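**Student:** Take this structure, written in structure tokens, and hold onto it; I'll ask about it next.
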Amino acid sequence: MLSLMFETLEKVILINCQVFKSISSMQFGFKNAVSTHQPIFLLKELINKYVKEKSPLYIESLDAEKAYDSVWRDGIFFKIKISINKQFWLVMKDYYDKADGVFKINNNIDNENIVKILRGVKQGGVLSPQLFNFYVDELIRMVQETGEGCRIEDLILAILAYSDNMLLAAPSITQMNKMIGKCEEFGNKWLIKFNAKKSVILNGGEKLFKSEQIKVLMGKSQMPVVEISKYLGINIDTIHSDDEQTLKRFKKVQSCFYGLGSYGLKPPGLKPKIKSFIYNTYCQPMGTYALGLMSINKQTIQNLNIMQNNLIRYTLGIPYKTHIKLLLKCLNIIDVETVYLINKCTSIKLLHRDVSTKSILTKNINENNENWWFFKEIKQICELVNVSPIYLCDYPDKVREKILEKYFYDLSEEELEKCILIEKRLINYSFIDKKELFNLIKLQC
């Protein structure tokens, strides 16, 4: 009950304090209507632009030591004091000041040694990420106001932030060092320590210098230059290929699938329809994170399809050389190419929610820019369901439904008859009846 009261208090403060809605547009973390899609898209747009122009590009991944846990509380309340209603400020300050900690050892709580907590925002609080965003907002603005860093036309992309996950991007080492200087200045003033050893730099554009020649300093420490880094779960590397990481991500689908084997996915196990529901709900989503922002080739899609089909064959006890195209449709399992295209539609929908990503998207689609890295799949979708790129941009949900409709219902009369027979067989499908199993396989060939 007490935790529910505190959660309600935080929500009331959050709703009534407009200052949390005026955070920099380059901060995407824990904001309404945006997600990790927007910063990932902007990063990929930036990389593709500079690679295409054969320009140098340096990407710095900033690591703030224990960001949420080490925030200077008095600093937060000092910064926010002039920006919110006095009564809310007093309530929030009192709420934090009276939150002490105790030690729990072997399930025994030591109530005698009470610890005063002076740093960090509350774990799990709905207000916590908003307080952190407000606290570091000055840093984002300081970096942007230097005039340094990368640009896409009039859009300054010197820094991309998703709460405490921050990237700096600059076309020269000199500019990068100036921007890092601003980060150090902010850190010294507001007691945020950036870890020079864990912060890394990636030479992502035209290679003007060898890795050992790139000297980017934080304090007296030189930052390591790496070939691959990670941002919001996506690998950034010097090759700029999405195929390998997409294949690796699908291995998580396989691990999840085999991990659920003892719950009925291992043959004979559960009924096929229940197995397909589990796969669609728990397994397949493991491999589709940010899939709509990836650029993967046909060979990779084919390999992913084979991997998915083998999982379904395994769980149903069907021989690996069996054709299961119609069986997948009867089980409501979507092939990888269709999953890829509908995720593109979802990404387009999400990109509409932010001004900067929407402007890039609509500009390239309105200009019918076929050289744009994101346009190849847009063109493929438009040809598949016979719509224009502008229609896709304006109505991604409708196009998504058209793709699914075409996948499931665009069948010949012969295929439709087979599907009806398969559906009937699936209702009472059992491994005990081997004849029934082979009749089902026979219908696929």
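The values are calculated or read from the model by the stated rules, or taken from the named source; none is laboratory data. Nothing here was measured: the structure is a model prediction, and the numbers come from that model. Because the Cβ atoms are built from the backbone with ideal geometry, glycine has one as well, and the counts that use them run over all protein chains shown. Calculation scope for accessible area: heavy atoms of the full protein, side chains included, ligands and nucleic acids excluded. Shrake-Rupley method; radii C 1.70, N 1.55, O 1.52, S 1.80 Å.
**Student:** Over all directions, average the projected area of the Cα convex hull of the range 345-428 and note it in nm².
**Tutor:** 7.1 nm²
**Student:** Suppose each label sits 7 Å from its Cα in the direction of the beta carbon; what would the Lys198-Asn297 distance come out to in nanometres?
**Tutor:** Here the modelled spin labels are 3.7 nm apart.
**Student:** Please give the contour-minus-distance gain from Arg353 to Asp394: 0.36 nm per residue of separation, less the Cα-Cα distance, rounded to one decimal in nm.
**Tutor:** Result: 13.5 nm gained on full extension.
**Student:** Of all DSSP beta bridges located in the chain, what percent are antiparallel, nearest 5?
**Tutor:** Antiparallel bridges make up about 90 percent of those DSSP assigns within the chain.
**Student:** Considering every Cα-Cα pair within the range 1-84, what fraction, in whole percent, is farther apart than 19 Å?
**Tutor:** 64 percent
**Student:** On to the next question. 7 Å from Cα along Cα→Cβ at both Leu191 and Ser70: what's the point-to-point distance in nm?
**Tutor:** Distance between label points: 1.2 nm.
**Student:** Which value in Å does the Kirkwood hydrodynamic radius of the range 186-337 take, with 1/r averaged over all unlike C-alpha pairs and then inverted?
**Tutor:** 18.7 Å
**Student:** Enumerate the residues in the range 310-331 having an amide nitrogen under 18 Å from the point lying 7 Å beyond the Cα of Leu404 toward its Cβ.
**Tutor:** Answer for this model: 328-331.
**Student:** For the range 274-285, just list the computed ³J(HN,Hα) in residue order, Karplus coefficients 6.51, -1.76 and 1.60, θ = phi - 60°, integers in Hz, with x standing in for Gly and Pro.
**Tutor:** 5, 4, 5, 5, 4, 4, 5, 7, 10, 8, 4, x
**Student:** Which residue, Ile117, Ile306, Ile228, tops the fluctuation ranking in a GNM of the chain built on C-alpha contacts under 10 Å?
**Tutor:** Answer for the Gaussian network model of the chain: Ile117.
**Student:** Roll a 1.4 Å probe over the protein heavy atoms and report the accessible area of Met307 in Å², nearest 10.
**Tutor:** Spelled out: Met307, probe radius 1.4 Å, area about 40 Å².
**Student:** I would also like to ask the following. Could you give the spread of the C-alpha atoms of the range 9-135 along their three principal axes, from largest to smallest, in whole angstroms?
**Tutor:** 64, 40, 24
**Student:** If you don't mind, another one. Cα centroids of the range 156-192 and the range 44-90: how far apart, whole angstrom?
**Tutor:** That distance is 8 Å.
**Student:** In the structure shown, do any of Lys31/Lys230; Lys122/Lys215; Lys11/Lys344; Lys93/Lys193 have a Cα-Cα gap over 29 Å, and if so which?
**Tutor:** Exceeds cut-off: Lys122/Lys215; Lys11/Lys344.
**Student:** Let me ask another. From largest accessible area down, sort Trp190, Trp72; use a 1.4 Å probe on the protein chains.
**Tutor:** Highest to lowest solvent-accessible surface, that is Trp72, Trp190.
**Student:** Working out 0.36 nm times the residue gap between Ile105 and Phe209, then minus their Cα-Cα distance, what length gain in nm do you get to one decimal?
**Tutor:** Net length gain for the segment: 32.1 nm.
**Student:** Next up: On a 0 to 90 degree scale, rounded to 10, what angle separates helix 396-409 from the longest Cα axis of the chain?
**Tutor:** 20 degrees
**Student:** Angle between the Cα long axis of helix 336-351 and the longest principal axis of the chain, 0 to 90 degrees, nearest 10?
**Tutor:** It is inclined by approximately 30 degrees.
**Student:** Sorted by accessible area (1.4 Å probe), largest first, how do Tyr340, Tyr162, Tyr289 line up?
**Tutor:** Tyr289, Tyr162, Tyr340
**Student:** Follow-up question, since we're still on this one. If you plug each phi of the range 97-113 into the Karplus form 6.51 cos²θ - 1.76 cosθ + 1.60 with θ = phi - 60°, what whole-Hz ³J(HN,Hα) values come out, in order, with x for Gly and Pro?
**Tutor:** 5, 9, 8, 9, x, 10, 8, 10, 10, 6, 6, 9, 8, 8, 7, 7, 9
**Student:** Still on this structure, I have one more. How fast does the range 240-309 diffuse by Stokes-Einstein, in µm²/s, taking the Kirkwood radius from C-alpha pairs at 25 °C and 0.890 mPa s?
**Tutor:** It diffuses with D of about 191 µm²/s by this estimate.
**Student:** With a 1.4 Å probe and all protein chains kept in place, how much accessible area does Lys44 have, in Å² rounded to the nearest 10?
**Tutor:** 30 Å²
**Student:** Tell me, what is the Rg over Rh of the range 87-184, with Rh the Kirkwood radius over Cα pairs?
**Tutor:** 1.18
**Student:** Still on this structure: List, largest first, the extents of the alpha carbons of the range 175-269 along their principal axes, each in whole Å.
**Tutor:** Extents along the principal axes: 62, 35, 16 Å.
**Student:** Per q in 0.12 Å⁻¹, report the Debye log10 I(q)/I(0) for the chain, using one uniform scatterer on each alpha carbon and no solvent.
**Tutor:** The computed values of log10 I(q)/I(0) come out as -1.12.
**Student:** What do you reckon, how do Lys86, Lys358, Lys344 stack up by accessible area (1.4 Å probe), largest on top?
**Tutor:** Lys86, Lys358, Lys344
**Student:** Can you pull the semi-axes for the range 256-351, root of five times each eigenvalue of the Cα gyration tensor, sorted largest first, whole Å?
**Tutor:** Taking √(5λ) for each eigenvalue gives 25, 15, 11 Å, largest first.
**Student:** Taking the full set of protein chains and a 1.4 angstrom probe, give the accessible area of Ile334 in square angstrom, rounded to the nearest 10.
**Tutor:** Accessible area of Ile334: about 30 Å².
**Student:** With unit charges on the beta carbon (Lys/Arg positive, Asp/Glu negative), name the residue among Gly259, Asn371, Thr281 whose Cα is farthest towards the positive pole of the charge dipole of the range 244-398.
**Tutor:** Result: Gly259.
**Student:** What are the residues whose amide H is under 5 Å from the amide H of Met166, where those residues sit 5 or more places off or on another chain and H is modelled from the backbone?
**Tutor:** Under 5 Å from the amide H of Met166: Leu62.
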